[in-house]
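Read the structure below first, then the notes.
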């Protein structure tokens, strides 16, 4: 018997690859679960314009979700990404964690560690790692191209 999903936590890093993860999360949410997009800001990142960057990114994700008839809550935590994702998932009683993976090289992962790998090993709930394709365009690049094409079509008409 399969457990019904009630709470999905989707970790995003504001990269173009996160657009694809958010789109996938919207598909998963069709089961009726609550979806939370979680961004973890490294503790040392205290730059100006950070709030504006976060609001812009979450607004962009809202657009992606709305086009798919989906919606989400948004949360920002500060600290080590893997530790904060795990703590937030436990606090929210997540039924599923969704993470993106850029597929970094093995040597880099050996030196720095992998957030996705750490979360997978330590999570109390199932984890889905969405690996972005190495070739082709991200959702953001596809949208930008479609918008450019639409603008060019309107101008030439």
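The values are calculated or read from the model by the stated rules, or taken from the named source; none is laboratory data. For clarity, every value in this text was computed on a predicted model and none was experimentally measured. Please note: Cβ atoms are built from the backbone with ideal geometry, for glycine as well, and neighbour counts cover all protein chains shown.
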Residue check, residue 64 modelled with pLDDT of 95 or more and touching a strand residue (DSSP E or B) at 6+ places or on another chain (Cβ under 7 Å): no
Which of the residues belonging to region 1-34 are at pLDDT 95 or above and over 11 Å from the mean Cα position of the chain (by Cα)? 7, 8, 34
Considering only residues that are in contact with a strand residue (DSSP E or B) (Cβ under 7 Å, 6 or more places away or on another chain) and surrounded by 18 or more Cβ atoms within 10 Å (Cβ to Cβ), look in region 96-114 and name the one that is modelled with the lowest pLDDT. 100
Those residues of region 55-68 which are in contact (Cβ under 8 Å) with a residue 24 or more places away in the chain and over 12 Å from residue 23 (Cβ atoms) amount to 57
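Here is a yes/no grid of residues against (1) out of contact with any helix residue (DSSP H, G or I) (no Cβ under 9 Å at 6 or more places or on another chain); (2) surrounded by 12 or more Cβ atoms within 10 Å (Cβ to Cβ); (3) under 26 Å from residue 122 (Cβ atoms):
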site: 4; (1), (2), (3): yes, no, yes
site: 10; (1), (2), (3): no, yes, yes
site: 37; (1), (2), (3): no, yes, yes
site: 51; (1), (2), (3): yes, no, no
site: 58; (1), (2), (3): yes, yes, no
site: 70; (1), (2), (3): no, yes, no
